[in-house]
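See below for the structure under consideration.
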Amino acid sequence: MKISSASWIALSERSSAAAPVFRRRFACQKAVKAATLEVTCDGVYEAVLNGERVGRFILAPGWTEYRKRLQVQSYDVKNLLKEDNNLEITVGSGWYRRTNAPWTGTRNPDEFLPAMLIAALHIVYADGAEETILTDESWEAAESEVTQSGIFYGEDVDMTRIPVFRPAVICDYPKDALIPQEGPEVREQETVFPRSSFRTPRGEWVIDFGQNLTGYMAFEITAHAGERLCLSTAEVLDRNGNFYNANYRSARSQLKYVCREGQQFYKPRFTFFGFRFLRVDEFPQGFSAKNIRAIVLHSEMTRTGWLHSSDHMLNRLFSNILWSQKGNYLDIPTDCPQRDERYGWTGDGQIFCRTATYQYDVRSFFRKWLNDMRAAQHDNGWVPEVIPSLTAYKPGGGAWSDAVTIIPWQLFETYGDLSFLSDMYPAMEKWIAYIPTVSTEKDLWTGCWTYGDWLALDAPEDYRPATIELSKRGYSSDGLVCSAFYANSVDIVIRAGELLGKDVSGYREMYKRIVRAYKARFSDRLNTQTEKVLTLHFGLTDTPQALADALADQIVSCGTKLQTGLVGTPYLLHELSRYGHAEIAWSLLLRREYPGWLYSVSKGATTVWEHWDGIKPDGSFWDDDMNSYNHYAYGSVADWVFGAACGIRPLKPGFAQALIAPQPDRRVASLSAVLDTVHGRIRSAWSRTDDGFRYEIETPTDAKIVIDGRTYAVGKGKYLF
């Protein structure tokens, strides 16, 4: 990369709250054959050449394990060049210099790293001559009209400011972390217009877009210089219909815009928001909801999966799951897009991974994130709880750090690409080698920090844990949860190793010891739904049918409702339907009361909630502190709809051979799933008739179709039963 010869430059050695703009003027006296701009920064940037934005990448260079990996973007700018040229690149704080980045100093802004830029413009002329313009002391810098920006903060803009340029300062900062762009770009995807505009009971002016989304607002207005447009964001209204965003915690999440004279258009350049509602705090004369719209952002991905049913509430749920994936697949798989968090939690990432691979082609998206996981893994093997590990100070524990094995295996299953396993295999081995070094019991995983069955609902009324943090784990045994995932990770290493031609004999013996120890330690202590589900799902019982029957009885006896948390819920319906209790699985899916997937739909949700009762039946909130309304984890149920209700599962990796075994329910008149695999489109649809069900199946490869217990071996084609 030409950029390796460039220098890091800054406005000054001290950080300023304002986003600096860097400028280089140059001339092209000859015809240009090719021109490539390479650029990155310690924040997020926007490059403009001769008044035209360079590229479509929003929030470039994205979020990576910055201390080891910083992506460099390359843009073809030949068509933007003129005889006299002006290249301007503005740098906002972004993820790199957010206030909780440990290497940027304390929370005193004066101690943060300065906003720095590094770039190279390589020009090849028609006569064969070449020229490279590098960032150095010949560049100029100034404070831009963006007076402050931040991922949580939002953006403050003063369009009356006139930048005063002076020579840029060269910074002594390493370049060994620079790598070419890996992941898909974050881009503007769609536009959402306001659904309504109204005054709340408190008299606040609120604009409702009708959809909780991730992105930013854009507006076009005519105003006088010095007039202000100030907007605050929220996901929900309170029970009285007032604007509410206490769940954003310390995230200010506002846009404050000082107008210049005349007509103007603006959208934030260095941040994003999670919102459905905008509160208009200040506005120029003549401003109305017609002047504003919302622009949806997410990583560039191709849609591959579709679900549709006869039930409008199920369809709303399917839509909510899709919107939560879009809203949280913004360069990394975040847990939520609105509050002062927005981390790449490993647990949430693996919980939702299968659904993610069915709804979108996420190969490039996850390959980049897994590379960051490898870079963040410690030498002794432990995997941080969040990736990139900006704020991670400990392993994630069972189900969280196990993302290092689960996600590569799921990507291999869905896409049939062995490189996901070969790339991650050393990291998998390091992870399972780490667990015995910290466990308090041989051949199990106990006595260590873990999130357990996070947010489970199974704690008895008299349960009084030592801390609030412990209460959020539910009542399942931490040691059981961790040990079950330990067994699963070792099993994945064995299967992956066999495919890669590795000697896995030692791992086979390890797995046998773990299973033996698990059965001895936990077989007679399977009390909670999650404890039973994990034992079933990971094959850790000698009596699976009896255990599944006990699970079904437990669910019915408590009112046919789930009590599982983030760890148990993804597998619950699968294990019920696998062992002959599909009717109960369907009952859980169709439940409209709390707790249930359709409860949030009944409350008007347009994305998946973090808590089953994020809004309680009386309209009050579960909590102000940890209550996201765009949290995809529980949306993992979509993989049961694809894989069990419609019955689409791979018999060979990448669906080179498919199993299509739908499990319908007469409470739903029709259901269909479409999945575009690497081998072509699979469709499984059923509809209720007077005396049974009608099934329409399409497969692009050899498949086994199971209808009412009878198996049909078929080739490529369309089939009707």
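The values are calculated or read from the model by the stated rules, or taken from the named source; none is laboratory data. Given the structure is predicted, the values throughout are model-derived calculations rather than measurements. Here the Cβ positions follow ideal geometry from the backbone for every residue, glycine too, while neighbour counts run over all protein chains shown.
For the stretch 260-310, name all the residues that are small (Gly, Ala, Ser), in a loop (DSSP other than H, G, I, E, B) and closer than 26 Å to Tyr153 by Cα.
Here is the first cut: in the stretch 260-310, the residues small (Gly, Ala, Ser) are 262, 274, 286, 288-289, 294, 299, 305, 309-310.
From what is left, the residues that are in a loop (DSSP other than H, G, I, E, B) are 286, 288, 310.
Of everything in the stretch 260-310, just one residue is small (Gly, Ala, Ser), in a loop (DSSP other than H, G, I, E, B) and closer than 26 Å to Tyr153 by Cα, namely Ser288.
Rundown of residues vs (1) within 19 Å of Phe412 (Cα to Cα); (2) among the basic types (Lys, Arg); (3) in the same structural domain as Val641 (by TED's automatic domain parsing); (4) outside any loop (DSSP other than H, G, I, E, B), yes/no style:
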site	(1), (2), (3), (4)
Asp665	no, no, no, no
Val674	no, no, no, yes
Arg681	yes, yes, no, yes
Ser684	no, no, no, yes
Ser687	no, no, no, yes
Arg694	no, yes, no, yes
Ala713	no, no, no, yes
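Which of the residues belonging to the stretch 664-679 are surrounded by 19 or more Cβ atoms within 10 Å (Cβ to Cβ) and under 21 Å from Tyr579 (Cβ atoms)? The answer is Pro664, and nothing else. Restricting attention to the stretch 123-157 and to residues that are assigned to a loop (DSSP other than H, G, I, E, B) and of a type in the set (S, T, N, Q), the residue that is surrounded by the fewest Cβ atoms within 10 Å (Cβ to Cβ) turns out to be Ser138. When the stretch 158-173 is filtered for residues that are over 18 Å from Gln148 (Cβ atoms), under 37 Å from the mean Cα position of the chain (by Cα) and either modelled with pLDDT of 95 or more or surrounded by 14 or more Cβ atoms within 10 Å (Cβ to Cβ) (or both), the ones remaining, listed by number, are Ala168, Val169, Ile170, Cys171, Tyr173. Can you tell me which residue in the stretch 16-41 is farthest from Phe272 (Cα to Cα), limited to those that are outside any loop (DSSP other than H, G, I, E, B) and of a type in the set (D, E, K, R)? Within the stretch 16-41, the match that is farthest from Phe272 (Cα to Cα) is Lys33.
Please report, ordered by residue number, the strands (runs of 3 or more DSSP E) entirely within the stretch 42-109 with at least 2 residues that are buried (at least 22 other Cβ atoms within 10 Å of the Cβ), among the aliphatic types (A, V, I, L, M) and modelled with pLDDT of 95 or more. It would help to see each step written out before you state the result.
On the way: elements: 44-49, 70-76, 84-92.
Counting at least 2 such residues, we get 44-49, 84-92.
Pairs please, first residue from the stretch 196-211 and over 16 Å from Phe275 (Cβ atoms), second anywhere and assigned to a loop (DSSP other than H, G, I, E, B), Cβ atoms under 7 Å, 6+ apart in sequence or on different chains. Qualifying pairs under 7 Å: Pro201/Asn240; Pro201/Gly241; Pro201/Asn242; Arg202/Asn242. Those helices (runs of 4 or more DSSP H) of the stretch 360-467 in which at least 2 residues are without any contact (Cβ under 8 Å) to a residue 24 or more places away in the chain, considering only elements entirely within it, cover 419-438. When residues in the stretch 197-231 are screened for being of a type in the set (Ser, Thr, Tyr) and either over 31 Å from the mean Cα position of the chain (by Cα) or not assigned by TED's automatic domain parsing to the domain that holds Ser288 (or both), 2 of them pass.
Residues that are in a strand (DSSP E or B) and surrounded by fewer than 21 Cβ atoms within 10 Å (Cβ to Cβ) within the stretch 218-236 comprise Ala218, Phe219, Glu220, Thr222, Arg228, Cys230, listed in sequence order. Evaluate the following for Arg354: is it part of a loop (DSSP other than H, G, I, E, B) and either outside the structural domain of Arg681 (by TED's automatic domain parsing) or surrounded by 24 or more Cβ atoms within 10 Å (Cβ to Cβ) (or both)? Here the answer is no, as Arg354 does not meet what is asked.
Consider Phe642 carefully, then state whether it is among the aromatic types (Phe, Trp, Tyr) and touching a residue at least 60 places away in the same chain (Cβ under 8 Å). For Phe642, the condition - among the aromatic types (Phe, Trp, Tyr) and touching a residue at least 60 places away in the same chain (Cβ under 8 Å) - is met.
What number of residues within the stretch 564-590 satisfy the criterion of being assigned to a loop (DSSP other than H, G, I, E, B) and more than 19 Å from His631 (Cβ to Cβ)? Give the steps one after another, and end with the answer.
Step one: filter the stretch 564-590 for residues assigned to a loop (DSSP other than H, G, I, E, B), giving 564-568, 579-581.
Those still in the list that are more than 19 Å from His631 (Cβ to Cβ) too: 579-581.
So the answer is 3.
Determine if the stretch 293-315 includes at least one residue that is assigned by TED's automatic domain parsing to the domain that holds Tyr571, over 24 Å from Glu188 (Cβ atoms) and buried (at least 24 other Cβ atoms within 10 Å of the Cβ). Checking the stretch 293-315: not a single residue is assigned by TED's automatic domain parsing to the domain that holds Tyr571, over 24 Å from Glu188 (Cβ atoms) and buried (at least 24 other Cβ atoms within 10 Å of the Cβ).
Taken together, the criteria place Phe693 among residues that are within 13 Å of Ile707 (Cα to Cα) and of a type in the set (Phe, Trp, Tyr).
Among the residues making up the stretch 469-511, those that are more than 17 Å from Glu429 (Cα to Cα) and of a type in the set (D, E, K, R) are Glu469, Lys472, Arg473, Asp478. Confirm whether Ser628 is modelled with pLDDT under 95 and either surrounded by fewer than 21 Cβ atoms within 10 Å (Cβ to Cβ) or within 29 Å of Leu411 (Cβ to Cβ) (or both). Judged against the criteria, Ser628 is not a match. Of all the residues in the stretch 680-721, those that are touching a residue at least 40 places away in the same chain (Cβ under 8 Å), of a type in the set (D, E, K, R) and surrounded by 18 or more Cβ atoms within 10 Å (Cβ to Cβ) number 0.
Does Ser636 satisfy being of a type outside the set (A, V, I, L, M) and within 14 Å of Leu317 (Cβ to Cβ)? Taking the combined requirement at face value, the residue satisfies it. Select from the stretch 109-150 the residues that are among the aromatic types (Phe, Trp, Tyr) and closer than 18 Å to Val48 by Cα and list them in ascending order. Listed by number, the list holds a single entry, Trp139.
Please determine, by comparing only the residues of the stretch 530-574 that are more than 16 Å from Tyr634 (Cα to Cα) and within 30 Å of the chain's Cα centre (by Cα), which one is surrounded by the most Cβ atoms within 10 Å (Cβ to Cβ). Working first, answer last.
Keep residues of the stretch 530-574 that are more than 16 Å from Tyr634 (Cα to Cα), which gives 531-532, 534-560.
In the following step, the residues that additionally are within 30 Å of the chain's Cα centre (by Cα) were identified as 531-532, 534-539.
Details: Glu531: 24, Lys532: 24, Leu534: 29, Thr535: 24, Leu536: 24, His537: 18, Phe538: 19, Gly539: 13.
Step by step, filter the stretch 530-574, then rank; the result is Leu534.
The selection criterion, being in the same structural domain as Leu551 (by TED's automatic domain parsing), within 29 Å of Thr541 (Cα to Cα) and outside any strand (DSSP E or B), does not hold for Trp612. Scanning the stretch 593-613 for residues that are among the polar types (S, T, N, Q) and crowded, with 24+ Cβ neighbours inside 10 Å returns Ser600, Thr607.
Taking the conditions (1) on the phi < 0 side of the Ramachandran plot; (2) outside any strand (DSSP E or B) in turn, Gly654 satisfies each one other than (1).
Within the stretch 492-531, work out how many residues are assigned to a helix (DSSP H, G or I) and either farther than 17 Å from Gly398 by Cα or in contact with a Ser or Thr (Cβ under 9 Å, 6 or more places away or on another chain) (or both).
Here is the first cut: in the stretch 492-531, the ones assigned to a helix (DSSP H, G or I) are 492-499, 505-522, 529-531.
Pick out the ones that are also either farther than 17 Å from Gly398 by Cα or in contact with a Ser or Thr (Cβ under 9 Å, 6 or more places away or on another chain) (or both) and you get 492-499, 505-510, 512-514, 516-522, 529-531.
Number of matching residues: 27.
Considering every residue within the stretch 292-312, establish whether at least one is touching a strand residue (DSSP E or B) at 6+ places or on another chain (Cβ under 9 Å) and without any contact (Cβ under 8 Å) to a residue 12 or more places away in the chain. No, every residue in the stretch 292-312 fails to be touching a strand residue (DSSP E or B) at 6+ places or on another chain (Cβ under 9 Å) and without any contact (Cβ under 8 Å) to a residue 12 or more places away in the chain.
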